[in-house]
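Visitor: Can you keep this structure in mind? I'll have questions shortly.
The values are calculated or read from the model by the stated rules, or taken from the named source; none is laboratory data. These numbers come from a predicted model, not from an experiment. No Cβ is skipped: glycine too gets one built from the backbone with ideal geometry, and neighbour counts run over all protein chains shown. In case anyone asks, the SASA skips ligands and DNA or RNA and just uses the protein heavy atoms, side chains included. Shrake-Rupley method; radii C 1.70, N 1.55, O 1.52, S 1.80 Å.
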Amino acid sequence: MLAVASVLVCLAVNVHVLWGTDWPAFPYDEVTLLQMARMIAGEAVPDMIRGAGYYPGWAVVIAPIWWFTDDPSVAYRASLWVGVVVSLVTIWPLARVVTRFGLHASAAVVVASFVMTLPARAIQADYSMSERLVTLFAVVSVLAAYRLAERPTVVRHGVFALLLGLLLFSHVRMTVVLAAAAVWLLIRAVRHVWPSLVGLAMVVLAYLLADAAGNALSEALLRRSVTRGDDLVERISNSRWQLFMRVAMGQSWYQSLASYGLVAIGLVVVLLLVWRELRRWDFGATTFVLGATIVVAFISLAQWADVFWLYTAPWVRLDAWVYGRYIDPIATVVVAIGVAALLRGVSRSVLAWGVGLNVLVAVVGAGYLTREVPTWGWVTPAHIPGILPWWRLLPTEPWSREVGIVPTLVNENRIWIIAPLCVLLVLLAAIALRRRPAIVAGGLVALAVVGTLLSAPRSAFFHEVEAQSRDMRPMVTPLVELGADEPIGYVRLCGLPGGQEAAGQNYFGYALSPSPVQQIVEPSDISSDQTVVLACSRWIDGEYRGARRLEGQSIYGTFVWIMPGALQDRLESEGRLLPEFETAPPASS
């Protein structure tokens with residue numbers, strides 16, 4: 001009964017998170033994949049998508065939505081519901097992994113449901129990104145690794161390789177997991193020669209196929225292959241070890257809070273099992289789990305241990321210091337192992353090490369990181385969903401980064417004290433009650449629900465207030481009516497700062513679809529029957545041809561211009577056009 005209830009609770013919490021969300025908040029992570037899904041479905045996509053590119057696993061999953069609607073808002077909402085289904089499906093393979101640690105099936109389902117109800121997973125229901133699909137394939141790949149280790153047949157190696165290929169097809173950063181799997185299989189070949197070598201060859205083949213397919217779809221949409229972080233080695237070599245240590249501390253602090261400290265117990269258990277495997281020279285699936293965790297964590301650290309993100313970026317970010325989204329998919333497994341060990345009755349020494357790691361992270365965070373981290377900095381909920389239960393403790397006013405405020409229970413830096421104390425209290429209570437596993441399991445599910453319910457308003461605020469795309473539809477909706485069936489012009493080059501130009505192109509391309517859009521790069525691109533054009537605050541080429549700017553708001557430095565004709569005359573008579581600018585003939589395009 002508790003197992004069924006925990007799944008239903010997970011469903012209800014995910015639905016609560018997404019309820020009311022109807023427009024993408026991210027111009028790249030969401031819009032690019034939504035437009036790629038539209039392209040895969042055979043629909044026309046404006047040639048105005050910008051970005052580094054994404055592997056298309058999520059786009060393939062949601063592509064059928066576009067066969068039933070061409071409304072971008074409806075399609076976005078539908079994709080969120082598909083994401084909820086993916087999250088619920090993840091419970092089953094995660095529970096199967098948990099049964100390998102001594103729990104029966106129903107208890108394992110409760111553990112898996114708890115992990116998927118935590119804010120670190122559930123808040124992603126508010127966004128149409130690859131994260132939930134990546135989490136599913138990460139968990140299923142781990143399950144396949146355990147089945148492979150239990151009976152190393154060629155077929156099971158093939159299934160393992162196939163799932164790793166699907167994992168990579170979902171996101172390019174999972175390349176490192178395939179590398180870890182290759183090393184693991186190579187080591188296992190010492191005792192299981194032919195199955196492991198055949199499996200290694202299949203993993204290489206899966207990589208080549210996923211890479212080729214992902215790049216082919218990216219080039220079809222973006223006219224470029226997927227960016228793989230080719231500058232990663234250079235950035236690592238140029239980075240200082242102190243930055244790596246600071247970011248490692250920050251991301252460890254995040255993972256502690258995001259799991260109520262249970263990730264530390266899971267990590268201790270994993271390390272002990274790997275040591276046991278090393279002593280037997282029989283590298284089981286837990287070795288793969290540890291390897292995958294290490295390489296994914298390293299990629300996350302390498303991305304954010306950068307002077308630009310931490311110190312010199314034009315906008316100051318808290319989430320760059322405590323980033324969690326990259327590690328969360330593989331941490332799903334480690335957290336589940338920690339809960340399973342707690343409920344199964346792990347030794348006191350393991351529990352002591354788990355508590356000790358959490359205390360260490362809390363002390364380092366409060367005593368050292370607070371001297372460096374701008375606690376008042378920018379927060380993107382999807383990047384650090386695991387700490388959102390405590391978002392109300394974050395300061396609202398900035399202070400000089402040269403002034404390190406020592407946290408107390410009541411001052412501006414109080415989150416560094418209160419949040420870890422909450423985690424330690426939960427962890428100690430769970431340990432004290434571990435001989436009553438049903439109470440512990442039910443209590444953890446309840447705490448996951450409370451945490452996500454406390455987090456959801458912050459994500460909703462981001463969608464409704466902080467994400468500029470929210471204000472786009474009042475500007476775009478009348479354009480379709482004004483432009484009728486004629487192509488809406490879009491001036492591509494406005495020289496906007498900070499990536500606004502690319503973000504604006506992605507948002508407008510998505511918002512205007514399926515209306516035809518024509519890019520304007522040269523003055524000759526302006527067609528004689530063009531009526532409505534999206535352009536810069538000053539559009540010299542258009543002004544020279546008699547274009548007038550429509551009164552109203554702008555988004556991403558983009559304004560609505562009306563070309564001469566009946567529509568311009570009507571809007572002029574209604575007083576909706578701004579006065580003409582005094583404009584000299586254009587000297588160049």
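Visitor: Considering every residue within segment 152-167, establish whether at least one is part of a loop (DSSP other than H, G, I, E, B) and surrounded by fewer than 24 Cβ atoms within 10 Å (Cβ to Cβ).
Guide: yes
Visitor: Can you tell me which residues in segment 89-123 are polar (S, T, N, Q) and either buried (at least 24 other Cβ atoms within 10 Å of the Cβ) or farther than 21 Å from LEU267 by Cβ (or both)?
Guide: Within segment 89-123, THR90, SER106, SER113, THR117 meet the criteria.
Visitor: While we're here: Would you confirm whether any residue within segment 21-33 is over 19 Å from the mean Cα position of the chain (by Cα) and of a type outside the set (Lys, Arg)?
Guide: No: zero hits.
Visitor: State whether one or more residues within segment 319-329 are modelled with pLDDT of 95 or more and not in a loop (DSSP other than H, G, I, E, B).
Guide: Scanning segment 319-329 turns up at least one residue that is modelled with pLDDT of 95 or more and not in a loop (DSSP other than H, G, I, E, B).
Visitor: Would you point out the residue of segment 288-298, among those that are in contact (Cβ under 8 Å) with a residue 60 or more places away in the chain and open to solvent by less than 30 Å² (accessible area, probe 1.4 Å), that is nearest to ALA341 (Cα to Cα)?
Guide: The extreme case among them is VAL289.
Visitor: Collect the residues in segment 25-53 that are among the acidic types (Asp, Glu), open to solvent by 30 Å² or more (accessible area, probe 1.4 Å) and closer than 23 Å to ALA210 by Cβ, keeping them in residue-number order.
Guide: Once the filter is applied, which keeps residues that are among the acidic types (Asp, Glu), open to solvent by 30 Å² or more (accessible area, probe 1.4 Å) and closer than 23 Å to ALA210 by Cβ, segment 25-53 yields only ASP29.
Visitor: Right, something else. Looking at segment 404-444, which of its residues are open to solvent by 80 Å² or more (accessible area, probe 1.4 Å) and more than 30 Å from LEU103 (Cα to Cα)?
Guide: Hits for segment 404-444 are VAL406, LEU409, VAL410, GLU412.
Visitor: Here's another thing I want to ask about it. For segment 356-381, enumerate the residues that are of a type in the set (Val, Ile, Thr) and either buried (at least 18 other Cβ atoms within 10 Å of the Cβ) or closer than 16 Å to THR408 by Cα (or both).
Guide: VAL361, VAL363, VAL364, THR370, VAL373, THR375, VAL379, THR380
Visitor: Taking PHE137 as the residue in question, decide whether it is buried (at least 24 other Cβ atoms within 10 Å of the Cβ), at pLDDT 95 or above and farther than 17 Å from LEU166 by Cβ.
Guide: Here the answer is no, as PHE137 does not meet what is asked.
Visitor: If you don't mind, another one. Do you know which residues across segment 3-32 are aromatic (Phe, Trp, Tyr) and assigned to a helix (DSSP H, G or I)?
Guide: Those that are aromatic (Phe, Trp, Tyr) and assigned to a helix (DSSP H, G or I): none in segment 3-32.
Visitor: Right, next: Could you list, in sequence order, all residues of segment 54-82 that are open to solvent by 10 Å² or more (accessible area, probe 1.4 Å) and either in a loop (DSSP other than H, G, I, E, B) or at positive phi (or both)?
Guide: Matches in segment 54-82: TYR54, PHE68, THR69, ASP70, ASP71.
Visitor: Here's another thing I want to ask about it. Only helices (runs of 4 or more DSSP H) wholly contained in segment 174-263 count here; list those with 1 or more residues that are aromatic (Phe, Trp, Tyr) and modelled with pLDDT of 85 or more. Give the derivation first.
Guide: Values: elements: 175-188, 193-222, 232-238, 241-258.
In segment 174-263, the matching helices (runs of 4 or more DSSP H) lie at 175-188, 193-222, 241-258.
Visitor: If you don't mind, another one. Taking ARG344 as meeting all but one of (1) within 19 Å of VAL98 (Cα to Cα); (2) modelled with pLDDT of 95 or more, write down the number of the exception.
Guide: (2)
Visitor: If you don't mind, another one. Report the residue count in segment 470-514 for those that are at pLDDT below 75 and of a type in the set (Ser, Thr, Tyr).
Guide: Qualifying residue count for the region: 1.
Visitor: Please work out if GLY102 is part of a loop (DSSP other than H, G, I, E, B), within 19 Å of the chain's Cα centre (by Cα) and not charged (D, E, K, R).
Guide: no
Visitor: What are the residues in segment 365-394 that are more than 20 Å from TYR260 (Cα to Cα), within 24 Å of the chain's Cα centre (by Cα) and in a loop (DSSP other than H, G, I, E, B), if any?
Guide: VAL373, PRO374, THR375, TRP376, GLY377, VAL379, THR380 - these are the residues of segment 365-394 that are more than 20 Å from TYR260 (Cα to Cα), within 24 Å of the chain's Cα centre (by Cα) and in a loop (DSSP other than H, G, I, E, B).
Visitor: Any idea which residue in segment 299-332 is farthest from the chain's Cα centre (by Cα), counting only those that are of a type in the set (Ser, Thr, Tyr) and open to solvent by less than 20 Å² (accessible area, probe 1.4 Å)?
Guide: In this case the residue turns out to be THR332.
Visitor: Okay, moving on. Are any residues in segment 538-564 closer than 17 Å to GLN505 by Cα and part of a loop (DSSP other than H, G, I, E, B), and if so, which ones?
Guide: TRP539, GLN553, SER554, TYR556, GLY557
Visitor: Take segment 513-541 and flag every residue that is in contact with a Pro (Cβ under 9 Å, 6 or more places away or on another chain) and surrounded by fewer than 21 Cβ atoms within 10 Å (Cβ to Cβ).
Guide: Residues satisfying the conditions are PRO514, SER515, PRO516, GLN518, GLN519, PRO523, SER527, ASP529, ILE540.
Visitor: Which numbered condition in (1) assigned to a loop (DSSP other than H, G, I, E, B); (2) under 24 Å from GLN505 (Cβ atoms) is the only one that GLN35 fails?
Guide: That leaves (1) as the condition not met.
Visitor: Does ARG549 fit the bill of being open to solvent by less than 50 Å² (accessible area, probe 1.4 Å), under 16 Å from PHE581 (Cα atoms), touching a residue at least 12 places away in the same chain (Cβ under 8 Å) and among the charged types (D, E, K, R)?
Guide: When the stated conditions are applied, ARG549 passes them.
Visitor: When you scan segment 427-442, do you find a residue that is within 26 Å of THR375 (Cβ to Cβ) and in a helix (DSSP H, G or I), even just one?
Guide: Yes, there is a match, as at least one residue in segment 427-442 is within 26 Å of THR375 (Cβ to Cβ) and in a helix (DSSP H, G or I).
Visitor: Taking ALA248 as the residue in question, decide whether it is open to solvent by less than 10 Å² (accessible area, probe 1.4 Å), among the hydrophobic types (A, V, I, L, M, F, W, C) and within 27 Å of LEU167 (Cα to Cα). Write out each step before concluding.
Guide: Values: open to solvent by less than 10 Å² (accessible area, probe 1.4 Å): no; among the hydrophobic types (A, V, I, L, M, F, W, C): yes; within 27 Å of LEU167 (Cα to Cα): yes.
It is false that ALA248 is open to solvent by less than 10 Å² (accessible area, probe 1.4 Å), among the hydrophobic types (A, V, I, L, M, F, W, C) and within 27 Å of LEU167 (Cα to Cα).
Visitor: Does segment 124-132 include one or more residues that are of a type outside the set (Phe, Trp, Tyr), part of a helix (DSSP H, G or I) and surrounded by fewer than 24 Cβ atoms within 10 Å (Cβ to Cβ)?
Guide: Here is the first cut: in segment 124-132, the residues of a type outside the set (Phe, Trp, Tyr) are 124-126, 128-132.
Remaining after also requiring part of a helix (DSSP H, G or I): 124-126, 131-132.
Now narrow it down to the ones that are surrounded by fewer than 24 Cβ atoms within 10 Å (Cβ to Cβ): none.
No, that holds for no residue.
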